[in-house]
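Let me begin by presenting the structure, written as C-alpha cells, before commenting on it.
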Ligand code: XIL
C-alpha cells in the first residue's frame, strides 16, 4: 500500500505524523512508522508529569529514547506539551500543603515554575543538540485552555489552576517563554472539540486576542478527536475561520482519530459519561463507516493544505488507540488507518482516496 507520507506529502502536507511511545521504536510497528510517517509526537513522554514529576528533578530517559530513535531514523518530532492542566503534577500549583492563590506572591511562584519547566526542557534539548539540529520542529505550547461549555472567564477559558492563579495571560507568558527558549520551533496553541461551533468561536476569540497582544504564536492546533456525529463541515468551517483571522497562521491536525461512539458527540466525557457503541452499527460496518469518514475528511483537508502544515494520527494502529481504554473499555473502536494486525484498514483507504 502506498506510504501515507508520499500520498499526503504530494497533496501539500509538510508532515505526516503519529503518536508513539517506546513500543513503536522497534519491530513491525517501527517498520510501519518508517514506511508511512515522517514525524511523530511523543504520546505521553513529553508531558509535565513525565519530565518533571518532582519539582526540580527532570527525568528525560523516556523522551530521550524517542529522540534517539528520531536521530537514528531521521524522523521529525512534534513536541507535546509544555503547559497543560492535565497530566501535570499537583506540586506546580501548591506551596507545601497550601494551594496557590492569585496573590502577586503566588503568581510569582507559578510564573517561576512555568519558566523553570520550559527552560529545563530547552536546556536538555540544547545539550543534546549543541549544533541546533534538533529533530523537534514544533511544540504544543499550551493545550486545552478553552472550556467545552460556558465559563465566567474571557473566551470561555477553562477554569484550570493555571487560569485561576495567573489569569488569561498565562497563555501569553507560556508563548513568550517558549519563544525565548525554543526560538527555532513553530509554536502552537492546541485544543480538542475545535470543530464544535461554540468552542470554535471561543478558540478564535482567544487566538485573535493573542495576535492583537503581539504574542509569538505561529499556529493553531486542532486535535480532531472526532466522531460520526460531527459533520466534516464543522472542522472545515474552523479551518476557514483561522485562515480568515490571519492568513499567516499555520494550522496543524494534531491528534486525529475517528470514534464510532456516536454518543461521544461533543460531550465532556471526563466527568464519567461513558460513550456507547452505536447500537445500530454492527461490528465490521463500523470500520467501513470510519473509512468513509476519513475519505470525506481528507477531501476537505486537501482544500486547506496551504494552511494545514501537518496531520498527526493519534496512534499507529487501532490496538494502540487511547480510545480503546478511555474513559472506559471500548474494544469496538477502530479509529485509525491501521488495524490491530498493522494492516491497512478502511480508514487508510479513505485517507488516500482521491475522491
Ligand atoms: C492521551 C494518551 O493517548 C493516553 O495514553 C493517556 O493516558 C492520556 O492522554 N488530548 C491530548 C493528549 O492532548 O495528550 C491525550 O493523550 C489525548 C487527548
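Just the number, please: percent antiparallel of the DSSP beta bridges in segment 90-190, rounded to the nearest 5.
On the way: 3 of 8 bridges.
That works out to approximately 40 percent antiparallel.
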* To do: Mind pulling the angle between the C-alpha long axis of helix 232-245 and the longest principal axis of the chain? Nearest 10 degrees, somewhere in 0 to 90.
  => 40
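Among DSSP bridges having both ends in segment 117-275, what percentage is antiparallel? Round to the nearest 5.
In segment 117-275, DSSP labels about 5 percent of beta bridges as antiparallel.
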* Structure fact -> 1/(1 + (r/R0)^6) with r = Cβ-Cβ of residue 28 and residue 95, R0 = 56 Å, i.e. FRET efficiency to nearest 0.05, evaluates to 0.70
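Within a 10 angstrom radius of the beta carbon, how do 230, 176 rank from fewest other beta carbons to most?
Numbers: 230 22, 176 18.
Fewest-to-most Cβ neighbours within 10 Å comes out as 176, 230.
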* Determine the relative contact order of segment 114-249: mean sequence separation of Cα pairs under 8 Å and six or more apart, normalised by residue count, in whole percent. => 25
* Of 130, 231, 216, which is the most mobile in a GNM of the chain whose springs link Cα atoms less than 10 angstrom apart? -> 130
* Asked: Taking a quarter of the surface of the convex hull around the Cα atoms of the chain, what do you get in nm²?
  -> 17.2
* Asked: If you take every DSSP beta bridge whose two residues both sit in the chain, what share of them, in percent to the nearest 5, is antiparallel?
  -> 10
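To the nearest 500 deg cm²/dmol, what mean residue ellipticity at 222 nm is calculated for the chain from DSSP H runs of n ≥ 4 alone, each contributing -39,500 (n - 2.57), summed and divided by the residues?
Values: 11 runs with 132 residues, N = 355.
Rounded to the nearest 500, it is -11500 deg cm²/dmol.
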* Note the angle between two axes, namely the Cα long axis of helix 170-181 and the longest principal axis of the Cα atoms of the chain, as a number of degrees from 0 to 90, rounded to the nearest 10. => 90
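Quote the relative contact order of the chain in percent (integer), defining contacts as alpha-carbon pairs under 8 Å separated by 6+ residues. Don't skip to the answer; put the middle values down first.
On the way: 649 pairs, mean separation 57.2, N = 355.
Relative contact order comes out at 16 percent.
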* Structure fact -> If the chain between residue 50 and residue 6 were fully extended at 0.36 nm per residue, the gain over the current Cα-Cα distance would be 12.6 nm
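Please label the shape of segment 101-247 as rounded, prolate or oblate, based on the square roots a ≥ b ≥ c of the eigenvalues of the alpha-carbon gyration tensor (a/c under 1.5 means rounded; beyond that, a/b larger than b/c means prolate, else oblate). Present the calculation step by step, with values, prior to reporting the outcome.
Details: a/c = 2.10, a/b = 1.29, b/c = 1.63.
Judged from the Cα gyration tensor, segment 101-247 comes out oblate (a/c at least 1.5, b/c at or above a/b).
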* **Cα long-axis angle, helix 61-73 against the chain (0 to 90 degrees, to the nearest 10)** => 50
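Rule-based calculations on the coordinates, nothing more; no lab input. Not measured: the values here are computed from a predicted model. So basically every Cβ, Gly included, is an ideal-geometry build from the backbone, and we count neighbours across all protein chains shown.
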